[in-house]
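Here the structure comes first, spelled out in structure tokens, and everything after it is commentary.
The values are calculated or read from the model by the stated rules, or taken from the named source; none is laboratory data. None of the values given here were measured: they were computed from a predicted structure. Ideal geometry is used to build each Cβ from the backbone, glycine not excepted, and the neighbour counts take in all protein chains shown.
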Amino acid sequence: MQQRRPGFPVRMPLPTSGQRPSPGLGVKPAPLSGVPVPAGLGLDSAAVRTRMVQRLSSMGIAAPQVLQAMAKVERHRFVDTGLVNQAYEDTSLPIGLGQTISKPSIVARMAELLLGAEAVRATGGLGRVLEIGTGCGYQAAVLSHLAREVYSMERLRGLHDKARDNLRPLRLANVHLLFGDGMAGFPKGAPYAAIVSAAGGATLPDAWCDQLAVGGRLVAPFAREDGQQVLLVVDKTVHGLKQTVLETVHFVPLKSGVA
Ligand code: SAH
């Protein structure tokens, strides 16, 4: 059964004279006739998200499209009721089945890296993207504002269904959720301008590089021999694959098969 998501924040301040409680998510409280709304009453999710975006900007995220996409997607819709108050903190949160929603700064960081693909410069936009690890669907929603089409794969049926429920009300026509082992990629949608993985293993599946377009970019966590996970960027050029190792990251493991 689909769970109803609470509004944000969960506990609204009690109305005092001249104020009404916010009628719902993202809706500014209407002033009672003739009574101005006192400053500070508009603490709805848009305001909290704006602060999150300002923080992302101060952390070095510069692409305006990415900041706009992060401002659009209501992250609190993707987490469980009890975690709604933490939805706009820069932290990963449990989403069930031992998995986590990535923290906003890493979602924004990976999105910005995808926009750096040669294919984006050549065509003026991000075409088809393959995401491995749908989880709760948050990153897929962010990517939907940046890419022409988003194919997102999840190996856990429970999370695939959860993402479907979370995304349904957003009516993002360019997001395609797929249940299956992302290690095999999704050949039917290939070639991809970008592939992004939210789960990391010790090897990069060949299927990902095969399904990447020339000019395309892959961004994925990768476990080095010393066990440290790092963010890896692979650019597919006419001359072959070019790898760049970036900062240390902490993603859930990439697993094979479905469950
Ligand atoms: N992008 C997600 C993050 C989810 S965490 C979000 O915004 O919430 C990473 C997800 O990768 C987990 O749900 C995990 O089940 C999934 N995963 C791990 N290995 C996978 C594989 N081989 N194919 C598809 N999904 C995989």
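Can you list residue pairs whose Cβ atoms sit under 7 Å apart, with the first residue in the stretch 241-259 being of a type in the set (S, T, N, Q) and modelled with pLDDT of 95 or more and the second being assigned to a loop (DSSP other than H, G, I, E, B) and near the ligand (Cβ under 8 Å from one of its atoms)? Count only pairs 6 or more apart in sequence or on different chains.
S256/D181
Among the strands (runs of 3 or more DSSP E) lying completely within the stretch 178-254, list those that include at least 2 residues that are buried (at least 22 other Cβ atoms within 10 Å of the Cβ).
By residue number, 192-197, 212-223.
So how many residues does the stretch 79-118 have that are assigned to a helix (DSSP H, G or I), in contact with a Phe, Trp or Tyr (Cβ under 9 Å, 6 or more places away or on another chain) and over 10 Å from V142 (Cβ atoms)?
From the stretch 79-118, those assigned to a helix (DSSP H, G or I) are 81-86, 104-115, 118; that's our starting set.
Next cut, in contact with a Phe, Trp or Tyr (Cβ under 9 Å, 6 or more places away or on another chain) only: 84-85, 104, 106-107.
Of the ones still in play, those that are also over 10 Å from V142 (Cβ atoms) are 84-85, 106.
Residues flagged as assigned to a helix (DSSP H, G or I), in contact with a Phe, Trp or Tyr (Cβ under 9 Å, 6 or more places away or on another chain) and over 10 Å from V142 (Cβ atoms) within the stretch 79-118 amount to 3.
What are the residue pairs meeting all of these: first residue in the stretch 121-137, first residue under 13 Å from Q211 (Cβ atoms), second residue within 6 Å of the ligand (Cβ to nearest atom) and aliphatic (A, V, I, L, M), Cβ atoms under 9 Å, and 6 or more apart or on different chains?
Partner pairs satisfying both residue conditions: L130/M153; E131/M153; E131/A198; I132/M153; I132/M183; I132/A198; I132/A199; I132/L254.
Of the residues in the stretch 152-166, how many are touching a helix residue (DSSP H, G or I) at 6+ places or on another chain (Cβ under 6 Å) and either more than 9 Å from the ligand (Cβ to nearest atom) or part of a helix (DSSP H, G or I) (or both)?
Counting residues in the stretch 152-166 that are touching a helix residue (DSSP H, G or I) at 6+ places or on another chain (Cβ under 6 Å) and either more than 9 Å from the ligand (Cβ to nearest atom) or part of a helix (DSSP H, G or I) (or both) gives 1.
Give the stretch 119-142 a look and list any residue that's part of a helix (DSSP H, G or I), more than 16 Å from the ligand (Cβ to nearest atom) and not hydroxyl-bearing (S, T, Y), or say none.
Passing the criteria: A119, V120, R121, A122.
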